[in-house]
Every structure is written in structure tokens, then in C-alpha cells.
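Peer 1: Dropping a structure here in C-alpha cells format, bear with me for questions.
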């Protein structure tokens, strides 16, 4: 257990003892006061990802929300696990720790991922960004399903995932509170513990949280998955101060750090190879200042600055040897012993946003943002080359250290202005929203070689004869625009029809422009001249909001032009020392295809009687390359979830969920078809009950995959390998709060 957890636990014990002993002072509680007995009117839930705080029923877009309680009552290995139960959202990843989400068939590279409104990293499908968030620190996760580039700029062709972490609060009197949440899962012997403390009064507040977790290799019905364990730690602190009644200054710091994270399987690590994140971490600093009630019309002005820093240190042991027969009858055996890729990603951003209440029926939001992502990468290969005689004896052994730069030092800078207008008509029966955005993007990179240096048997050469220029120094720019239009029409007080149309764009990422992966007989190559992807998204839905029933149903179409794919081609390179040009077979990123995705989402909760709630969710997406007339890769199959929740008054609530997925036979070239499956899960949680004065406890437990079913998730890894999902898992969690 980390030192910070020890200190916080000790402080919590002292304060808790004081509270239980009747020490003076107002005690606040961060707890769930019910056992989630009835259907919640989801339409009344406030969301913030549309630039304004609005109730969900007031938002003309398809959205899914997962709250803190959803993460507590399930095993919740990562953010993506719970989102996976929402229609239109599927989980993918590389093992238990490194997970991501796919929204209506579009993965991380075509989603904008935010933490508290700040970009984690833009348009990269190997970020593991959602894995670097502590589930104990989540207030809610808002997912906008559908294109929304007019709100957040490049990357949001498929939607937005906004993780909103827990905050402190202002209270009339000084308060102190806190809690401890230990949890355990049997499927990988995963133990975690979270400690948090809250302080504050009417002028300020402070929240401190720390978590630690450790997991061993995961177990499946067919045995253990080697190299799937991890260790993780998360620390966060948030503070706010009111210098004046209508002004708030907020600041926060988050640090998520994991090590020895196994990356099991995958086409990038074939055969007996093993790979792991030796160190992977994220640090966030965020500061904002908001002024409200400036005038009767000018209602809010907010300034924001943030800095996100992500570091990845990977170790890969290939465990393979390549042999080549030489002309003299001898054999050359090459064994790559160790590869150590390293990369740092820095994102700095700022934003100014104003809100104007033009009339009782019209609200206008406008602003500008500027952000920049910088990447720096390196890789060292440690290789042993043996020259073997015909009789099997080793004639000579060479030890080679090869220094490389997988991606050149590069930066991606984006500046944009945005505006959105909200108008209520026909006695508030009709709500119209319209937004637009213009962006200017600057991209530059330094000159890069396939090898920077070679150390042969201790002798370093900084200009090897075979050194090739992979990318020349360049500087380019791009201008783009996006727009959206939405409408909500109230058919009755509790039923509405909703429509949303949007034009979005995505500028090719640094990875897609500059990657250079040498696979021996060919390379995977980026393309600095890629055009921006752009798309048109349409969504039509029907929603029912009520205390007894909630229904959200929508059909959608998403068309993407200039789709970026890998295409067979050639790598034309220049030898750095001689200037001679040559070629090598390559898979090169190119704008060659157009994509069409369409389908539907459906979700319903029905409070049959006071103590029983039935739920159902169904989703389907079809992805096609309309030019090549083939299926798109990594499209989730038709899937459904049926559930029942029953409450035992003032004692506990129990849930049973049956998840179904159909066979996925419509796959892209090179993909493997996956069979359908069914999975049964059970969860139970107590009410929040008082142990002693001022100290409360709520208990959660359950079983995942009750029948220990063997099944495969079609999106099991973003590298295209097929793996078996976890087997039967018993989990338990206890939340002590005061």
C-alpha cells in the first residue's frame, strides 16, 4: 500500500473516531442513501458535455450516462466495463487493464476522450486513456453517441466520452467527511483500496483521494492468461475558492500511475513474445475561473487552462530467432532479445467560453479554444547475432544495440472558435439548437531516421551505412469547419421526439502521419499528406421519461469520407550516408475509402411494481466500406441485455443481467469471425446503514459470468487477436463513509 494511502487512512481513522465520539462540527456524508430500488427518471439527470448544464431530456442528442453507483455495484475493472452495458457502446482492449470503448462501430481514434472536459489525447487508438482513470473517483461518465465536432473540434466523428471525476462542495458551515472503499475480485485476485477526505465551508472546499490496486493473471474457463496482471495507483486533489459571491476559482491535480501492466497476445506480439507496460502514467493539472451573473443578459464567463502528460515505457521480449543460410554454408541466427519503446505525450490547452441569456426562450454560447499535443518517442533494440558453422559450432557472436525513433518529434496545434444557440418555441414544446465551429490546425515534425545509432560489440556508430531517412522535416496546416442542428419536440409532457444532424471532421493524427514500424520484410508507414476525414451524421429518436418507465430509442446513419486505412504500397527511402534511393514493401496509411455506418439503439427500464424493475437494451450497427463494398473492421455484433432488479425494503437490492451477442460474420479482410454467446451476471447491494454515530457502511457483491461460459468478444483487442474473456468472478466491495 502506498504511503499516501497510509497517511490518509490514519487521518480518516482519527477523524472518524472524533465523529463517532460526538466531537463538535458538522459531518458531511458522500454516500448512496438508497439501494437503488425504483426506476430513476433519467431525463432529470444533469449533463454538461453539451457546453451547457442541461437535463438529459433537454439535450437533442443520443447520450448514455454511467454514474458512481453503477461503478460501485459492479466488479468495474475499468471505465469501459460499465459503459459496455449501455446500448451502442462496446468494450475492446488488450487484457483487463488496457481497455477502450467503441461507440456505434467507431473506436478511440474517432472519438474525443475528455477527463473533466480536458482532452486526454487526440485520435490515437493505442492510448489506454480510459484505463488511466480511477473508477473510485468517478462521479459520472457522459457519452455522446454521434458526431459532435462543432463542440470539441477534430476527432469527434463517432462521439465524445467525457469522464467527470468527483468534486468537493460548498456548505453553509465547516464540514469534514471521508471514506474508505476496499474491494476484491477472485478472477484475477484483484485487490484495491480507495481513501478520500472532504473539507470545506461556504467559501472554499478541498477533496483528496488516493487509490491502490494490484491484480494477478486473469483466469478463463480454458485456463490462465499469462502476462495479464498489473499494479496501479491514483492520487487526486481538488480545491475551490470563492473570492466573491459570483466568482469561483477551481484547481485540480490528478496522477494515475501503473506498472508491470501485461499486454497479453495480439498480432503485434505473436507466438511466444511477451510485452508489458513497465511504466505508464497520466498527470493532469487543471485550473478554471468562472464569473456568473455578470449582467441580466451576460450570465457567465469562464476561463480554463489544462495540461495533460502521458508517459509509456514498454518492454517486449520477442523470444524468436530468425536463421538465414549464408553463401559459405554457414548460418546466421538473429535473436532480438529485448525491445524498449518509450513515448511521452504532452497536451496543453486553454479555453474561454461565454454564455448569454438573450431572452427567456434563447440562450447563446460562444468561445474559443487552443490546444497543442507534442509527442516524443524512442526505442532501443537489443539483438544477438550468432554465426554458426555447418557442424553447429558458433564461430562468432555479435551483440547489437540499435537506437531508433518510431515517430519523429512532432506537434499538433489546433485553434478553434465555436458558437451554439438554443431556442425554445411553441410554448416550450419545440427546442432547436444550432452550432458551428471553425478550426485551424498546424502540424510540424523534425527529420527522422529509421536508426539513430548502432552499438556493435561496445563500439557506437552514429551514422550507420544503412541509415534511412523515414520522414523529412515538414510544416503544414489545415483548415476545417463543422456544424450541428438538433431539435426536440414534446409529443406529451413525458414523451419527446428528437433529431440531430451534424457535419464533423478529423485531422489525421501524428501517429497516422509519422508512424514507422519495421516488421522485417515490410514496414507499416504513416503518410504526412493525409487528407482530413469528414462525415455527416443523422440521428432520429423517441424518448419516454417517467417515474415508472424510461425509454430511449434511436436510429442513426453516419457517413465518413476520406476514411484513413492501410493500403499496400511502397516505402521509398533515401540512404542518409550515400543519398541513394530505394524501396521496400509497405502498408501505407492512405485516404482511399468511404465508410457508411448505420443501425439502432434501444434501452428501456420499467418499474413493474414498487420493488421490481425490468430492463432491456438492444443495439445493432452495420459498417461498410462503400467503395470497396466490404465490411469495416472492428464492428461489434448485434447484442442485447435483459435485466431484473428487485429490492428488499430497507435491506438490499439484487440484480440479474443476461447479456447476449450474436455471431459476427460480417468482418473485414484479415479479421476472424466470432461466435455468439450468452453471459449471466448477478449483483447485490445493501442499503447504506449506520454502524455507529456518524459512520455508515454500504456493501456490494456479485458474480460475473455465473455459468463460467467460454466466449470471445469480437473487439477483444485493438490489435486484431482473438482471446477468451474472463471466467466466473466473485467480487465484493465495502464503502465506509462518515
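Values in this text are rule-based calculations from the coordinates and carry no lab data. This structure is a prediction, so every number in the text was calculated from the model and none was measured. We place every Cβ from the backbone using ideal geometry, glycine too, and count neighbours over all the protein chains shown.
Peer 1: Just one of [x] 15, 46, 33, 6, 0; [y] 16, 49, 30, 6, 0; [z] 16, 45, 29, 9, 1 is P(r) over Cα pairs in 20 Å bins from 0, in percent as worked out from the coordinates here. Which one is it?
Peer 2: The value matching this structure is [y].
Peer 1: Stretch residue 472-residue 666 to full length: gain in nm at 0.36 nm per residue minus the Cα-Cα span?
Peer 2: Full extension from residue 472 to residue 666 adds 65.8 nm.
Peer 1: Sorted by average packing, counted as other Cβ atoms within 10 angstrom per residue and highest first, what order do 319-327, 339-347 take?
Peer 2: 339-347, 319-327
Peer 1: Same structure again: Taking 0.36 nm per residue of separation and subtracting the Cα-Cα distance, what length does fully extending residue 382 through residue 291 add?
Peer 2: Length gained between residue 382 and residue 291: 27.1 nm.
Peer 1: For segment 271-428, how big is Rg over Rh, using alpha carbon atoms and the Kirkwood form of Rh?
Peer 2: Ratio value, two decimals: 1.36.
Peer 1: Rounded to two decimals, what ratio of Rg to Rh does segment 137-265 give with C-alpha atoms and a Kirkwood Rh?
Peer 2: 1.09
Peer 1: Going by a ≥ b ≥ c, the root eigenvalues of the Cα gyration tensor, does segment 48-154 fall in the rounded group (a/c under 1.5), the prolate group (a/b larger than b/c) or the oblate group?
Peer 2: Oblate, since a/c reaches 1.5 and b/c is not below a/b.
Peer 1: If you don't mind, another one. Using a simple spin-label model with points 7 Å from Cα along the Cα→Cβ vector, what separation in nm is obtained for residue 389 and residue 401?
Peer 2: 3.1
Peer 1: On a full-extension model of 0.36 nm per residue, what is the gain between residue 582 and residue 222, subtracting their alpha-carbon distance, rounded to one decimal in nm?
Peer 2: Additional length available on full extension: 124.8 nm.
Peer 1: Next question, about the same structure. Take 169, 238 and order them by how many other Cβ atoms sit within 10 Å, fewest up front.
Peer 2: 169, 238
Peer 1: Continuing with the same structure: Cα centroids of segment 278-323 and segment 42-113: how far apart, whole angstrom?
Peer 2: 18
Peer 1: Can I ask one more? Just to be sure I understand the curve: with the Debye formula and one point per C-alpha of segment 588-738, what is log10 I(q)/I(0) at q = 0.09, 0.18, 0.19 Å⁻¹?
Peer 2: Debye output, listed in q order: -0.45, -1.11, -1.17.
Peer 1: Between residue 693 and residue 55, what FRET efficiency comes out of the Förster formula 1/(1 + (r/R0)^6) with R0 = 25 Å and r the beta carbon distance, rounded to 0.05?
Peer 2: 0.10
Peer 1: Measure nothing but the geometry: give the 0 to 90° angle between the long axis through the Cα atoms of 3-20 and the longest principal axis through the Cα atoms of the chain, rounded to 10°.
Peer 2: Rounded to the nearest ten degrees, it is 10.
Peer 1: Could I have the simple spin-label model distance between residue 616 and residue 201, label points 7 Å from Cα toward Cβ, reported in nm to one decimal?
Peer 2: Each label point lies 7 Å from its Cα, and together they span 5.6 nm.
Peer 1: Now for a separate question. With a 10 Å Cβ neighbour count serving as the proxy for reagent exposure, in which order, fewest first, do 733, 460 appear?
Peer 2: With the fewest neighbours first, 733, 460 line up as 460, 733.
Peer 1: For a label point 7 Å from the Cα of residue 321 along Cα→C-beta, name the residues of segment 364-383 whose backbone N is under 15 Å from it.
Peer 2: Under 15 Å, as judged by backbone N against the label point of residue 321, lie 383 of segment 364-383.
Peer 1: Taking the Cα-to-Cβ direction at residue 547 and at residue 278 and moving 7 Å from each Cα, how far apart do the two end points lie in nm?
Peer 2: Taking the two extended label points, one gets 6.1 nm.
Peer 1: I'd like the antiparallel share, as a percent to the nearest 5, of DSSP beta bridges with both residues in segment 87-222.
Peer 2: Close to 90 percent.
Peer 1: When you count, for each residue, the other Cβ atoms within 10 Å and take the mean per peptide, how do 161-168, 545-552 rank with the highest first?
Peer 2: 161-168, 545-552
Peer 1: Cα-based Rg of segment 449-562 per 2.2 N^0.38 Å, rounded to two decimals?
Peer 2: Compared with the compact-globule rule of thumb, segment 449-562 sits at 1.91.
Peer 1: Can you work out the FRET efficiency for the pair residue 572 and residue 171, with r the C-beta to C-beta distance and R0 = 60 Å, to the nearest 0.05?
Peer 2: 0.35
Peer 1: Can you give the calculated 222 nm mean residue ellipticity of the chain, where each DSSP H run of n ≥ 4 adds -39,500 (n - 2.57) and the sum is split over every residue, rounded to the nearest 500 deg cm²/dmol?
Peer 2: Helix-only estimate at 222 nm: -1500 deg cm²/dmol.
Peer 1: Next question, about the same structure. Which value results for Rg/Rh of segment 379-439 when Rg is the Cα radius of gyration and Rh the Kirkwood radius based on the inverse mean 1/r?
Peer 2: 1.70
Peer 1: Could you compute the FRET efficiency for residue 609 and residue 370, with r as their C-beta to C-beta distance and R0 at 60 Å, rounded to 0.05?
Peer 2: Between residue 609 and residue 370 the formula returns 0.65.
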